[in-house]
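The values are calculated or read from the model by the stated rules, or taken from the named source; none is laboratory data. Computed from a predicted model, the values in this text were never measured in an experiment. Here the Cβ positions follow ideal geometry from the backbone for every residue, glycine too, while neighbour counts run over all protein chains shown.
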Amino acid sequence: MPNLFFSKLLPAIDDLAELKVTLHIFWLLHHKRGYPRYVSRRELEADGVLLGGLKETGQEPEERLRQALERAVARGTLLHVTALRRGSGQAQHGDEQDDWYFMNTDVGRRTVDKILRGELELEAIVTPSEVRLEVERPNIFVLYEQNIGLLTPLIAEELRDAEKTYPADWIEEAFRIAVEHNARSWRYVRSVLDRWATEGKDSEKAGRGTGKDRRRYIEGKYADYIEH
């Protein structure tokens, strides 16, 4: 068991089902052989031991499993990749969706990156363009992965804190500003949010999109984060 699990992850998990599912996936991956190592949703849904431990009054274990997986993905413990089981062409009615879960480690992130680039095929027959990181998670996680890159556990913790601190529309606009100014880093996005919290956001609206507004970012406190 990684030391990071006990020092960072375990104290942060506040849902029993998420803890059970996380530990069970650790155990399954430890006993797998070959490359890459991952578990599928179908595999988990057919696991009687796991489902037996998720039984709760008034809620089906399959639903508890779904919620626990979403929590683990949102927390940054797992990477979730989805793909359609088919050969080519556009999505058709009846296409089967495959769900694969990887540990969010250096190896896991490199593996997912290869899958997204179409350089690695798993057991499903898929079109690379249909492979994507699952986006059923807090919006700030989606924004980060779409505009900056794959999550790490430490970044995920910072994103959760920011989501509790700033309004959702602030976060979306800060990411948009980062993209507009070719400054795709969480450090830059956080600096924008910090500035708005300190100086006020509404005062900048009148100048959005103007040359003066752009110079404020390029020549001001964010200059070090921007590629000219």
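Quick look at the values:
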item	result
Cβ-Cβ under 9 Å pairs, at least 6 apart or on other chains, region 169-188 side at positive phi, far side in a loop (DSSP other than H, G, I, E, B)	ASN182/ILE226; ASN182/GLU227; ASN182/HIS228
ALA168 vs. criteria out of contact with any Asp or Glu (no Cβ under 6 Å at 6 or more places or on another chain), closer than 27 Å to ARG75 by Cα and at pLDDT 90 or above	no
Residues (free of Cβ contacts under 8 Å to residues at least 12 places away in the same chain and more than 22 Å from LEU120 (Cβ to Cβ)) located in region 13-47	ASP14, LEU16, LEU19, LEU23, TRP27, ALA46
Condition check for ARG37: part of a loop (DSSP other than H, G, I, E, B), surrounded by 14 or more Cβ atoms within 10 Å (Cβ to Cβ) and either outside the structural domain of TYR144 (by TED's automatic domain parsing) or modelled with pLDDT under 90 (or both)	yes
Boolean, ALA72 is modelled with pLDDT of 70 or more, in a helix (DSSP H, G or I), assigned by TED's automatic domain parsing to the domain that holds LEU19 and not basic (Lys, Arg)	yes
Search result, residues across region 144-188 that are crowded, with 20+ Cβ neighbours inside 10 Å, under 17 Å from the mean Cα position of the chain (by Cα), part of a helix (DSSP H, G or I) and aliphatic (A, V, I, L, M)	ALA156, LEU159, ILE171
